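The values are calculated or read from the model by the stated rules, or taken from the named source; none is laboratory data. Owing to the predicted nature of the structure, the values given are computational and were not obtained by experimental measurement. Glycine gets a Cβ as well: all are built from the backbone with ideal geometry, and neighbour counts include every protein chain shown.
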Amino acid sequence: MATSSAGDSASPAGELAASPNFWISPQWLVMIDSTLDRNMGAKALADALKINHAITTLHLGSNGISDKAAEALADALKLNHAIAILRLGSNELSDKGASALADGLKINKTLSTLHLDNNQISAEGAKALGDTLKFNQTLATLDIHSNNISDEGVKGLSGALKANNTLTTLHLDRNRVSEEGAKALAEELKVNQILSYLTFSENLIFDYDTEVLADALKVNQTLTTLNLERKEMSEKTVTTLAGALKINQTLTTLDLGNNEISYIGAGALADALKVNQNLSTLDLRE
């Protein structure tokens, strides 16, 4: 670690620097040993981060990290003024861990990217993160895909976007979202002027959520990337989306891969591209 205490084996930072369980560079730290007691390792790491102000990127994905470890990291975020990217994907975090991190972000002023994908977070955890977004003005990317936040969680996050002025990227794929959640998100997109990157693939419903999002695209002026792959879209839905593309002037990337789009749907998209001069990437791969 690039601080005066990094080489002091008596300090938490020094202990980590001497440990084979961590890969450390001046600005990156990755926990890598799968045999490490995760809670103890993350706690030692959190203690070090309270005094270390050099590490800006922290990767802790796929380490079996629990809520207890997340609570320690959340406490560290309240004091740390350097971490900008925190990756906690594919761990064992539930609503308790997500809520603890949300509390930490109410105070933290530097974290811009948070990955919580592939955990065990439900609506309660998503709502806690939503509440934080009403106050936090530094987080720009939130990845919460492959959890179980459902409609209530999406509604909590969507409502928070009304007050947030910094979140530009939101990943909500594979979260068991149905009509209510999709509608809440679409309504927010009609007025939101910040969000530019949204992924919403593989949720519970297919045609309805795509159609309400297509309706939102007719008035949204900031979204540049939209991922709607694996939605099993009908010809009617693809045609509706194509109609929105004739009006939308900001979307540059649209991912419709693995949707088995029919000849009629492809024709509707082709007609839209004769009018739309902004879309630069259209993914239709199967």
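Filtering the range 127-151 to residues that are assigned to a helix (DSSP H, G or I), touching a strand residue (DSSP E or B) at 6+ places or on another chain (Cβ under 9 Å) and within 15 Å of D95 (Cα to Cα) leaves L129, S150.
Restricting attention to the range 157-177 and to residues that are within 23 Å of T250 (Cα to Cα), of a type in the set (A, V, I, L, M, F, W, C) and in contact with a Phe, Trp or Tyr (Cβ under 9 Å, 6 or more places away or on another chain), the residue that is surrounded by the fewest Cβ atoms within 10 Å (Cβ to Cβ) turns out to be A163. The condition of being assigned by TED's automatic domain parsing to the domain that holds S62, farther than 27 Å from K183 by Cα and either touching a residue at least 24 places away in the same chain (Cβ under 8 Å) or crowded, with 23+ Cβ neighbours inside 10 Å (or both) does not hold for L114.
To keep it simple, each residue is scored yes or no on (1) closer than 27 Å to F135 by Cα; (2) touching a Lys or Arg at 6+ places or on another chain (Cβ under 9 Å); (3) without any contact (Cβ under 8 Å) to a residue 40 or more places away in the chain; (4) surrounded by 20 or more Cβ atoms within 10 Å (Cβ to Cβ).
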residue	(1), (2), (3), (4)
E179	no, no, yes, no
V191	yes, yes, yes, no
I194	yes, no, yes, no
D207	no, yes, yes, no
T210	no, yes, yes, yes
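Results for (1) surrounded by fewer than 18 Cβ atoms within 10 Å (Cβ to Cβ); (2) touching a Cys at 6+ places or on another chain (Cβ under 8 Å); (3) modelled with pLDDT of 90 or more; (4) on the phi < 0 side of the Ramachandran plot, shown as yes or no for each residue.
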residue	(1), (2), (3), (4)
L29	no, no, no, yes
A44	no, no, no, yes
G61	yes, no, yes, yes
L73	no, no, yes, yes
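From L245, L256, L282, grab the single residue that is more than 23 Å from the chain's Cα centre (by Cα), of a type outside the set (K, R) and modelled with pLDDT of 95 or more. Going through L245, L256, L282 in turn, the sole match is L245.
Quick grid of which residues meet (1) assigned to a loop (DSSP other than H, G, I, E, B); (2) over 21 Å from L116 (Cα atoms); (3) among the polar types (S, T, N, Q); (4) outside the structural domain of T281 (by TED's automatic domain parsing):
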{"site": "K162", "(1), (2), (3), (4)": "yes, yes, no, yes"}
{"site": "E188", "(1), (2), (3), (4)": "no, yes, no, no"}
{"site": "N203", "(1), (2), (3), (4)": "yes, no, yes, no"}
{"site": "A214", "(1), (2), (3), (4)": "no, yes, no, no"}
{"site": "L226", "(1), (2), (3), (4)": "no, no, no, no"}
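Could you list all residues from the range 77-102 that are part of a helix (DSSP H, G or I), within 15 Å of the chain's Cα centre (by Cα) and over 21 Å from I51 (Cβ atoms)? Those that are part of a helix (DSSP H, G or I), within 15 Å of the chain's Cα centre (by Cα) and over 21 Å from I51 (Cβ atoms): A98, A102.
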